[in-house]
1. Looking only at helices (runs of 4 or more DSSP H) that fall completely inside segment 2-108, which ones have 1 or more residues that are over 30 Å from Leu275 (Cβ atoms) and of a type in the set (Val, Ile, Thr)?
2. Is there any pair linking a residue in segment 17-28 that is over 12 Å from Cys86 (Cα atoms) to one that is open to solvent by less than 50 Å² (accessible area, probe 1.4 Å) and part of a helix (DSSP H, G or I), with Cβ under 7 Å and at least six apart or on different chains, and which?
3. Out of curiosity, is Ser234 among the hydroxyl-bearing types (Ser, Thr, Tyr) and farther than 30 Å from Val18 by Cβ?
4. Within segment 73-112, which residues are out of contact with any Pro (no Cβ under 8 Å at 6 or more places or on another chain) and of a type in the set (Val, Ile, Thr)?
5. Among the listed residues Ser234, Ser226, identify the single one that is open to solvent by less than 10 Å² (accessible area, probe 1.4 Å), farther than 22 Å from Lys186 by Cα, out of contact with any Phe, Trp or Tyr (no Cβ under 8 Å at 6 or more places or on another chain) and of a type in the set (Ser, Thr, Tyr).
6. Kindly indicate which of Pro197, Pro173 is out of contact with any Cys (no Cβ under 9 Å at 6 or more places or on another chain), closer than 30 Å to Asp357 by Cβ, touching a residue at least 12 places away in the same chain (Cβ under 8 Å) and open to solvent by 40 Å² or more (accessible area, probe 1.4 Å).
7. For segment 88-115: of the residues being surrounded by fewer than 21 Cβ atoms within 10 Å (Cβ to Cβ) and of a type in the set (A, V, I, L, M), which is farthest from Asn36 (Cα to Cα)?
8. Here's a check for you: in segment 28-70, which residue that is polar (S, T, N, Q) and open to solvent by 30 Å² or more (accessible area, probe 1.4 Å) is modelled with the lowest pLDDT?
Amino acid sequence: MLIDKIISKKDRTPAEVVVQDVVKVRKGERVLVIANPATSEIAQDLYKASCDAGAVSTLMYQPDRTSFDNATPEVLAAIGANPDVCFSISNIKLGKDPAAQANPYKTEDGQEYTHIFDYLMDGKKSMRGAWTPGITLDMMNRTAAIDYELLQARCKKLEELFTNAKSVHITAPAGTDVTISVENRKLMFDDGDFSKPGTGGNIPAGEVFISPVVGKTEGTIVYDGSMTFSDGDSILETPITCKIGNGFVTDIKGGAEARRLLKTITEAETRPFTLEKEKKLPAGQAAVYKRNARNIGELGIGLNPAAQITGNMLEDEKAFNTCHFAIGENYDNDAPALIHLDGVVRSPTITVIYADDTSKVILNNGVIQEDVSKE
């Protein structure tokens, strides 16, 4: 039986656990820590822990950035210096890369990246790190010092269960009933092992996620946990019901929070045309960004035993007994958008359907079926 445990703070600080167990900073490596004033204490702890590990560390600050703001040129230049490790310790977001949006970085195989951070991480695979949009000191102290070996074992088990998956059916007590196609898609991890170049993820870590095939999600998603909006995250007082057809949100119903979501999506649909006129997006790209502002870009499953639904999505999406769906950009680089809005669904039942039409329940009313194996 897999038993969760939290590492004692008497042994090591959360920052030391992250530096030593997660990113595994080594002597002589170059470490860049980017922060905002609100995240200074966490950033300084990571800076000190990196220095103590023998790294050559740099700590820098920028003002808070939202989903629609650019990172400062100085921050983008520092990332462009290609450190071995980059910690993005953001109060909201790191910020966009306007030069790369206008002229994306390209790898030899034709993949395009609209941010220098993503290019170095996923394209060149020369950098590793962690990013923490919305981190608080309380969250860091509660959720960072977990058993990462156990988390990685759970992620590996779920990877096996998603092998040869054709689709996934998700239901939940609040009314979610949706089917997503995942054919030829690969399950990705935020498993707390960011020790190799090209690897990285959130702190707190603790989720698996997959990008639905664009245009092939059907049904209803009822968000009843929390939701990301352009101006921040919130626990939902009234559920938000989204109808999905041909992979895109076609209707949004609920109360004030549903209107807030619609406002964010509408802004993400219209702003690309301004960016295109300003030559900050390639010609013709605005229409693509508009369409994908309603794309279902992610299904994720929370796996951090210390995480709770607090109204902060960085933690909420990692909470046990939940799943989350994102609206907007996906992780397979075939649905670019200005937004990626995560929303949490409580107590889901998740069934994986395989290419041979067999199926397995991997979560039942939010509970991970630890003994499930594909036959």
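1. 14-17, 40-52
2. Val18/Leu46; Asp21/Tyr148; Val22/Tyr148
3. no
4. The answer is Val75, Ile79, Val85, Ile89, Thr107.
5. Matching residue, one of Ser234, Ser226: Ser226.
6. Of Pro197, Pro173, the one residue that is out of contact with any Cys (no Cβ under 9 Å at 6 or more places or on another chain), closer than 30 Å to Asp357 by Cβ, touching a residue at least 12 places away in the same chain (Cβ under 8 Å) and open to solvent by 40 Å² or more (accessible area, probe 1.4 Å) is Pro173.
7. Ala102
8. Selected residue: Thr66.
The values are calculated or read from the model by the stated rules, or taken from the named source; none is laboratory data. Not measured: the values here are computed from a predicted model. Note that we place each Cβ from the backbone using ideal geometry, even for glycine, and neighbour counts take in every protein chain shown. Heads up: the accessible areas ignore ligands, DNA and RNA and are worked out on the full protein's heavy atoms, side chains in. Shrake-Rupley method; radii C 1.70, N 1.55, O 1.52, S 1.80 Å.
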